[in-house]
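Just below is one structure, and these are the notes that go with it.
The values are calculated or read from the model by the stated rules, or taken from the named source; none is laboratory data. Given the structure is predicted, the values throughout are model-derived calculations rather than measurements. Cβ coordinates were reconstructed from backbone atoms using ideal geometry, including for glycine residues, and neighbour counts include every protein chain displayed.
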Amino acid sequence: MSGHSKWATIKRQKGVNDAKRGQLFTRLGNAIAVAAKTGADPAMNPALSMAIEKARAANMPMSNIERSIKRGSGQLGGAQIEQLLFEGYGPEGVGIIVETATDNRNRTTSEVRSAFAKHGGNLAEAGAVAFQFSRKGLIRVKAEPSDENWLKLLDAGAEDVQNVEGEMIVYTDAKALGQVRSALSESGFDIIESSLSYEPNSLVEIDNSGTLAKIERLLEAIEDQGDVTDVYSNFDVVGAAAGK
């Protein structure tokens, strides 16, 4: 899982400072709208609850959040937001999955295809890349690594745990995400964020700094597209590239 985790860490470090706040709020709002299509009450809709949680962590105003919920649940009318999944390859055959939320399927497809093409990648047919990943729940917990915490996390239903700079990243079965999240909260853990994720089943090792730079430029170009909500990849940085 280290390939995705390293890229996710890069994204967290970049945070709001490297993103235009308006574009970030648009992405978060679209994700909320997609989740709200199956129910406007976050207490009864775990997906919506997690989308709101992400938005609040980014300091998105409550008025924006409420408007996105109303839009997704059809209370405001207008074009509906739909979720599209794209699969593709980058340099050295690195697998990439792109999640988007959009009100214009043709625009989003064109923008994602262009980002791949301009940076040495290409889109693939549905299913060509997804089989290399597994759908997992991911929970970021603010906690120092210790044997006691590890045992508590495993007892709560964690399948795997990683330590990343003062956080513990908990991986769960996708269907058990809500249950594990509740168990961690009841155990007193400070939950930073929870979401569904695509985790690689195996990793493509990248040991050349030039190749790594190409992959990172491609991933950044994809993330810069306004309708993109998440990007997942299956590369791992090793050897000389790790010390670039």
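Quick notes on this one:
- Meets criteria (of a type in the set (Ser, Thr, Tyr) and not in a helix (DSSP H, G or I)) for THR100: yes
- Which numbered condition GLY120 fails, given (1) in the same structural domain as GLY90 (by TED's automatic domain parsing); (2) in a strand (DSSP E or B): (2)
- So VAL237, is it of a type in the set (Val, Ile, Thr), touching a Lys or Arg at 6+ places or on another chain (Cβ under 9 Å) and within 16 Å of PHE116 (Cβ to Cβ): no
- Scanning segment 37-59 for residues that are part of a loop (DSSP other than H, G, I, E, B) and closer than 25 Å to VAL180 by Cβ yields LYS37, THR38, GLY39, ALA40, ASP41, PRO42, ALA43, MET44, ASN45, ALA58.
- Residues that are over 17 Å from the mean Cα position of the chain (by Cα) number at least 2 in the following strands (runs of 3 or more DSSP E) confined to segment 149-244: 160-164, 204-206, 235-237.
- Enumeration of residues in segment 72-126 that are over 15 Å from THR229 (Cα atoms), acidic (Asp, Glu) and without any contact (Cβ under 8 Å) to a residue 60 or more places away in the chain: GLU125
- Residues that are surrounded by fewer than 21 Cβ atoms within 10 Å (Cβ to Cβ) and β-branched (Val, Ile, Thr), drawn from segment 205-218: THR211
- Residue within segment 208-231 that is farther than 25 Å from ARG27 by Cβ, among the acidic types (Asp, Glu) and in contact (Cβ under 8 Å) with a residue 24 or more places away in the chain present: no
- Criterion applied to LYS118, LYS70 was being surrounded by fewer than 13 Cβ atoms within 10 Å (Cβ to Cβ), more than 30 Å from ALA156 (Cα to Cα) and basic (Lys, Arg), and the one residue passing it is LYS118.
- One residue stands out in segment 219-244 among those that are more than 24 Å from LYS54 (Cα to Cα), aliphatic (A, V, I, L, M) and in contact with a helix residue (DSSP H, G or I) (Cβ under 7 Å, 6 or more places away or on another chain): the one that is surrounded by the fewest Cβ atoms within 10 Å (Cβ to Cβ), namely ALA240.
- In the condition set (1) outside the structural domain of LEU28 (by TED's automatic domain parsing); (2) part of a helix (DSSP H, G or I); (3) touching a helix residue (DSSP H, G or I) at 6+ places or on another chain (Cβ under 7 Å), ILE65 is compliant with all but (1).
- Qualifying residue in segment 31-46 (condition: in contact (Cβ under 8 Å) with a residue 60 or more places away in the chain, farther than 15 Å from THR100 by Cβ and out of contact with any strand residue (DSSP E or B) (no Cβ under 6 Å at 6 or more places or on another chain)): yes
- Filter pass, ARG27 being under 14 Å from the mean Cα position of the chain (by Cα) and modelled with pLDDT of 70 or more: yes
- Verdict on THR172 being surrounded by 17 or more Cβ atoms within 10 Å (Cβ to Cβ) and free of Cβ contacts under 8 Å to residues at least 60 places away in the same chain: yes
- Flag if GLU159 is among the charged types (D, E, K, R) and assigned by TED's automatic domain parsing to the domain that holds PRO91: no
- Residue check for ASP190: surrounded by 13 or more Cβ atoms within 10 Å (Cβ to Cβ) and of a type outside the set (A, V, I, L, M): no
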